[in-house]
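Visitor: My questions all concern the structure below.
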Amino acid sequence: MQPSRPATARQTDIGRLLLTCPDRSGIVAAVSTFLTRAGANIISLDQHSTEPEGGTFLQRTVFHLPGLTAAALELEREFAALAAEFDIDYRFTEAAKPKRVAIMASTADHCLLDLLWRNRRGELDMTVVMVIANHPELAEQVRSFNVPFVYIPATRDTRAEAEQRQLELLTGNVDLVVLARYMQIVTPEFLDAIGCPLINIHHSFLPAFIGANTYRRARERGVKLIGATAHYVTADLDEGPIIEQDVVRVDHTHTVEDLVRLGADVERAVLSRAVLWHCQDRILRHDNETVIF
């Protein structure tokens with residue numbers, strides 16, 4: 001297993017508070033007062049209300065509190081009274097504790113290896129617990145990153161058995177699952193059982209160019225933009241809350257191979273940003289949207 005990196009001085013005793021609640025006056029003041037009385041110094045505070053009146057209020061607060069790890073449980077317990085008063089849905093996290101992440105893949109290597117490479121360089125604050133793939137081809141490349149590779153064959157006919165095995169490995173062991181071009185549909189039953197968010201990446205040709213030979217069909221239509229979308233996975237296929245998107249411009253001189261290469265580039269960039277923001281607790285979900293601070 002990939003070893004966890006030690007907390008840096010910059011991360012030590014840094015906490016994050018993410019909250020969502022019905023908007024009303026006094027929320028910011030109440031939360032700030034609570035943290036101040038707890039001995040915390042607020043480093044940054046970002047907020048958003050969906051409507052001027054009667055909307056939903058979302059906030060991300062980063063604070064420094066000496067001895068945070070020891071004080072964390074008591075801090076959450078004491079915040080519960082304030083949360084009840086304002087009907088707040090909230091969570092505290094510690095910056096020094098990286099998210100435990102599993103990556104699922106098939107045969108495409110570009111997103112998977114990019115995440116492993118960025119993480120090894122320290123660009124993604126996470127611990128990769130394992131890679132699960134439904135094909136064995138990427139095993140040696142993954143092991144070079146000192147990350148366990150688990151091969152679980154999965155097809156339409158064996159999906160139930162494969163997902164049960166995946167759940168045995170993942171449930172309770174990870175904070176996030178990333179689908180790095182994992183070319184299997186994830187069932188609602190899997191989503192209900194996994195107990196953590198999933199992030200998926202796909203090209204932004206949907207729904208115009210679904211199915212096989214996507215880039216060839218796009219080239220034949222003379223597309224002018226190649227794009228990618230990273231989103232949270234829900235039971236509605238490819239319709240979960242969007243985290244990040246990007247595009248690159250192409251023209252008539254680009255071949256199908258050029259489109260594939262450019263598409264892989266933008267997929268890598270979009271997925272890595274989405275994973276980074278999630279691991280930094282920058283994303284709050286509201287209905288089928290995301291607010292990213």
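Visitor: State the antiparallel share, in %, of DSSP beta bridges confined to segment 100-292, rounding to the nearest 5. Don't skip to the end; give the middle numbers.
Guide: Numbers: 16 of 32 bridges.
Roughly 50 percent of the beta bridges in segment 100-292 run antiparallel, per DSSP.
Visitor: Of the labelled options (1) 49, 43, 35; (2) 78, 44, 39; (3) 61, 43, 36, which one gives Cα extents along the principal axes in Å as computed for this structure?
Guide: It is the one labelled (3).
Visitor: What's the angle, to the nearest 10 degrees (0 to 90), between helix 68-86's Cα axis and the longest principal axis of the chain?
Guide: 80 degrees
Visitor: What is the chain's relative contact order, in percent, from Cα pairs under 8 angstrom and six or more apart in sequence?
Guide: 16 percent
Visitor: Same structure again: Please determine, in degrees from 0 to 90 and to the nearest 10, the orientation of helix 159-170 with respect to the longest principal axis defined by the Cα atoms of the chain, where the helix direction is its Cα long axis.
Guide: The two axes meet at around 40 degrees.
Visitor: Once both axes come from the Cα atoms, what is the angle between helix 27-37 and the longest principal axis of the chain, in degrees from 0 to 90, rounded to 10?
Guide: Around 70 degrees separate the two axes.
Visitor: When Lys and Arg each count +1 and Asp and Glu each count -1, what net charge do the other residues less than 11 Å away from Ile27, Cβ to Cβ, add up to?
Guide: Values: positive: Arg24; negative: Asp23, Glu85, Asp87.
Taking every other residue near Ile27 into account, the sum is -2.
Visitor: Sticking with this structure for a sec: If you keep only loop residues by DSSP, which trypsin sites (Lys or Arg not before Pro) in segment 102-173 have at most 11 other Cβ atoms within 10 Å of their Cβ? Write down the numbers at each step before the final one.
Guide: Working: sites: Arg118, Arg120, Arg121, Arg143, Arg156, Arg159, Arg165; in loops: Arg121, Arg156.
Here the sparse-neighbourhood loop sites are Arg121, Arg156.
Visitor: All other residues with a Cβ under 14 Å from the Cβ of Asp251 taken together, and with Lys, Arg as +1 and Asp, Glu as -1, what is their net charge?
Guide: Within the 14 Å Cβ shell, the charges total +3.
Visitor: Please give the net charge around Gly39, taking every other residue with its beta carbon less than 14 angstrom from that of Gly39, where Lys and Arg add +1 and Asp and Glu add -1.
Guide: Within the 14 Å Cβ shell, the charges total -2.
Visitor: Ok, one more. Counting heavy atoms of the protein chains only and a 1.4 Å probe, report the per residue accessible area for segment 91-182 as a whole number of Å².
Guide: 43 Å²
Visitor: Would you work out what percent of the accessible area of the chain, with all protein chains in place, is carbon or sulfur (probe 1.4 Å)? Walk me through the intermediate numbers first.
Guide: Values: 7380 of 14640 Å².
C and S fraction of accessible area: 50 percent.
Visitor: Might you report the magnitude of the Cβ-based charge dipole of the chain about its Cα centre, with Lys and Arg at +1 and Asp and Glu at -1, to the nearest 20 debye?
Guide: Rounded to the nearest 20 debye, it is 900 debye.
Visitor: Another question, then. Report the Cα centroid-to-centroid distance between segment 22-75 and segment 91-123 in angstrom, as an integer.
Guide: Rounded to whole Å, the Cα centres lie 28 Å apart.
The values are calculated or read from the model by the stated rules, or taken from the named source; none is laboratory data. Bear in mind the structure is a predicted one, so any value in this text is a computation, not a measurement. Cβ coordinates were reconstructed from backbone atoms using ideal geometry, including for glycine residues, and neighbour counts include every protein chain displayed. In case anyone asks, the SASA skips ligands and DNA or RNA and just uses the protein heavy atoms, side chains included. Shrake-Rupley method; radii C 1.70, N 1.55, O 1.52, S 1.80 Å.
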